[in-house]
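Enquirer: This is the structure, below, for whatever I ask next.
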Amino acid sequence: MTDFLAEIYPWTKSLHVMSVIAWMAGLFYLPRLFVHHTEKVEVGSETDKLFQIMERKLLKLIMNPAMISTWIFGLALVFTPGIVDWSEGWPWIKAGAVLGMTWFHGWLDQRHKEFRDGQNTRSGRTYRMMNELPTVFMIIIVIMVIARPV
């Protein structure tokens, strides 16, 4: 199996990068939708229903598949011989940031359900602040993978 993973490494890495890009796009955009949904939309209105459709489709049709494929191709890279040396510090820090990114995805999913149920209690400011988290995780991940400082 490891020989197979080594043979398809360029394809696995390519699919992983594409998946990450799609996932990150959603992680950046969904909180922005929540900001506008919170600040500009009356609960129960036609616009509320429209925002809920956009948020649901972004989450279910783009973000969830992208997160799953990111994890699948990422794990395939981890199991490819010679790619990750777990005796170094960088893969552990990157793994922590990926878990943080996954937690943020789950947090957004819970907020989506609150909007769906008309139960959102968070302000636009909260969503603006939380929107910075994926950027922080992305910076950590990219530095760990490219520069490998530790």
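The values are calculated or read from the model by the stated rules, or taken from the named source; none is laboratory data. None of these values were measured; they are calculated from a predicted model. Positions of Cβ are generated from backbone atoms using ideal geometry, with glycine treated the same way; all protein chains shown enter the neighbour counts.
Enquirer: Go through region 39-54 and give me each residue that's of a type in the set (D, E, K, R) and either under 17 Å from Thr102 (Cβ atoms) or part of a helix (DSSP H, G or I) (or both).
Expert: The answer is Glu39, Lys40, Glu46, Asp48, Lys49.
Enquirer: Name the single residue that is surrounded by the most Cβ atoms within 10 Å (Cβ to Cβ) among those in region 28-39 being more than 13 Å from Arg125 (Cα to Cα) and not hydroxyl-bearing (Ser, Thr, Tyr).
Expert: Leu30
Enquirer: Still on this structure: Scan region 40-50 and give yes if some residue there is under 21 Å from Thr121 (Cβ atoms), among the polar types (S, T, N, Q) and at pLDDT 95 or above, otherwise no.
Expert: yes
Enquirer: Scan region 15-24 and tell me whether some residue there is under 26 Å from Thr126 (Cβ atoms), in contact with a Leu (Cβ under 7 Å, 6 or more places away or on another chain) and surrounded by 12 or more Cβ atoms within 10 Å (Cβ to Cβ).
Expert: The answer is no; no qualifying residue exists.
Enquirer: Do we have any residue at all in region 42-50 that's exposed (fewer than 14 other Cβ atoms within 10 Å of the Cβ), farther than 22 Å from Phe137 by Cα, among the small types (Gly, Ala, Ser) and more than 20 Å from the chain's Cα centre (by Cα)?
Expert: yes
Enquirer: Do we have any residue at all in region 1-12 that's of a type outside the set (Val, Ile, Thr), outside any helix (DSSP H, G or I) and modelled with pLDDT under 95?
Expert: Filtering region 1-12 for residues of a type outside the set (Val, Ile, Thr) gives 1, 3-7, 9-11.
Keeping just the survivors that are outside any helix (DSSP H, G or I) gives 1.
Subset that is modelled with pLDDT under 95: 1.
Yes, that holds for at least one residue.
Enquirer: Against the definition (touching a Phe, Trp or Tyr at 6+ places or on another chain (Cβ under 6 Å), closer than 26 Å to Arg32 by Cβ and part of a helix (DSSP H, G or I)), how does Met129 come out, yes or no? Give the derivation first.
Expert: Values: touching a Phe, Trp or Tyr at 6+ places or on another chain (Cβ under 6 Å): no; closer than 26 Å to Arg32 by Cβ: yes; part of a helix (DSSP H, G or I): yes.
No; evaluated as a whole, the condition is false for this residue.
Rundown of residues vs (1) in contact (Cβ under 8 Å) with a residue 40 or more places away in the chain; (2) under 20 Å from Asp109 (Cβ atoms); (3) touching a Gly at 6+ places or on another chain (Cβ under 9 Å); (4) among the charged types (D, E, K, R), yes/no style:
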{"position": "Ala6", "(1), (2), (3), (4)": "yes, no, yes, no"}
{"position": "Met24", "(1), (2), (3), (4)": "yes, yes, no, no"}
{"position": "Ile68", "(1), (2), (3), (4)": "no, yes, no, no"}
{"position": "Leu75", "(1), (2), (3), (4)": "no, no, no, no"}
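Every residue, every condition in (1) surrounded by 15 or more Cβ atoms within 10 Å (Cβ to Cβ); (2) of a type in the set (Val, Ile, Thr); (3) in a helix (DSSP H, G or I), yes or no:
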{"residue": "Arg56", "(1), (2), (3)": "no, no, yes"}
{"residue": "Leu61", "(1), (2), (3)": "no, no, yes"}
{"residue": "Ile68", "(1), (2), (3)": "no, yes, yes"}
{"residue": "Ile72", "(1), (2), (3)": "no, yes, yes"}
{"residue": "Trp86", "(1), (2), (3)": "no, no, no"}
{"residue": "Met101", "(1), (2), (3)": "yes, no, yes"}
{"residue": "Arg125", "(1), (2), (3)": "no, no, yes"}
{"residue": "Met138", "(1), (2), (3)": "yes, no, yes"}
